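The values are calculated or read from the model by the stated rules, or taken from the named source; none is laboratory data. Because the structure is a prediction, the values reported are computed rather than measured. Don't worry about glycine lacking a Cβ; one is built from the backbone with ideal geometry, like all the others, and counts go over all protein chains shown. Please note that ligands, DNA and RNA were not included when accessible areas were found on the heavy atoms of the full protein model with its side chains. Shrake-Rupley method; radii C 1.70, N 1.55, O 1.52, S 1.80 Å.
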Amino acid sequence: MASASCRVFMLLMSVLSAVKGAPTLFDDAKYFGASSFTDYLSKAGLSSMLKQPGNMSLFAPVQTAFQSLPAAVNQSLANDPAFLKNLMSYHIVTETVVSASFVDEELLPTVAGAAVRINKYNNSGKEITTVSGSPVLLVDMPCSNGMLFMMRKVIYPVPTGSAFDYVAESDNFSSLLFAITKAGLSQLFTADKQTVFAPDDAAFARLPPGVMDTLLDDIPRLQGVLRHHVVNSGTLYSAGLYAGQVLNSLQGTLQIGAGGLTVNGSNITTADVTVTNGVLHTIDSVLFSA
């Protein structure tokens, strides 16, 4: 049964949809300052969808969000129409939702096809809600054709597979992929609600001489090392990581360092890569359990 607050929002939505000239999702996203986002929506041919009657939810990144994207992503937004449309579509949920109904780890369908994941964190006493890792700044702004949310970050990337798929398809995880395959643990990296701390090729190259060969000759030990990089107790984006936090990996404990930027002393070099079964963070050293 819908909560009282949800019923009130639905009633307000029905009233707004009946009012001629009431602001649409596209109108209000632009009004609240997401002009780069609405410009991209127009360029992608999605603005008309967001101006028509319907029941959708729009997660609109604030103006400054695009400045923090990697240069290559902004270049693709400018020059790759298919990439642009896919990423913009990932911000449009195909149903009207309200924050009061959000459930941790809930998956919401989007126009892009891939789902966005809702997470609710208590970070040192501060409640934070994220959508595929992007913190929600403003919630529940009803428009004539759905509900608008303002986001701190662009919801990127659009996931195309599991954590294992991401490792297998990336150029800088060949050593990790070889180790996972050798250990017979590919299925381990497909469990839902998973957080993976993935050492890149440079991390494996930093191992002392002979260590990798020793691991490859000792499959049970190799499996233990790999399991130490996996947390299956929830999807932990950077918004849910904080200094002093202790996580249980599949092989031992992991401690998050200052600013949520390290794990057991290893630097998180790329955070918040959304995969279909959770999130992956790239780290710069291989983790060994005590």
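At-a-glance table
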{"quantity": "The range 44-59: number of residues that are under 22 Å from the mean Cα position of the chain (by Cα) and among the polar types (S, T, N, Q)", "calculated": "1"}
{"quantity": "Close pairs from the range 96-120: first surrounded by 14 or more Cβ atoms within 10 Å (Cβ to Cβ), partner outside any loop (DSSP other than H, G, I, E, B) and hydroxyl-bearing (Ser, Thr, Tyr), Cβ under 6 Å, at least 6 apart", "calculated": "96/57; 97/57; 100/5; 111/89; 112/89; 116/110; 119/130; 120/129"}
{"quantity": "Residue list for the range 254-281, restricted to those being surrounded by fewer than 19 Cβ atoms within 10 Å (Cβ to Cβ) and under 18 Å from residue 188 (Cα atoms)", "calculated": "276"}
{"quantity": "Residue ID - most open to solvent (accessible area, probe 1.4 Å), chosen from residues in the range 242-253 that are closer than 13 Å to residue 195 by Cβ and in a strand (DSSP E or B)", "calculated": "248"}
{"quantity": "Contacts under 7 angstrom Cβ, first residue in the range 232-249 being under 14 Å from residue 272 (Cβ atoms), partner among the small types (Gly, Ala, Ser) and in a strand (DSSP E or B), 6 or more apart", "calculated": "235/278; 238/271"}
{"quantity": "Residue match in the range 186-207 (condition: exposed (fewer than 13 other Cβ atoms within 10 Å of the Cβ) and small (Gly, Ala, Ser))", "calculated": "yes"}
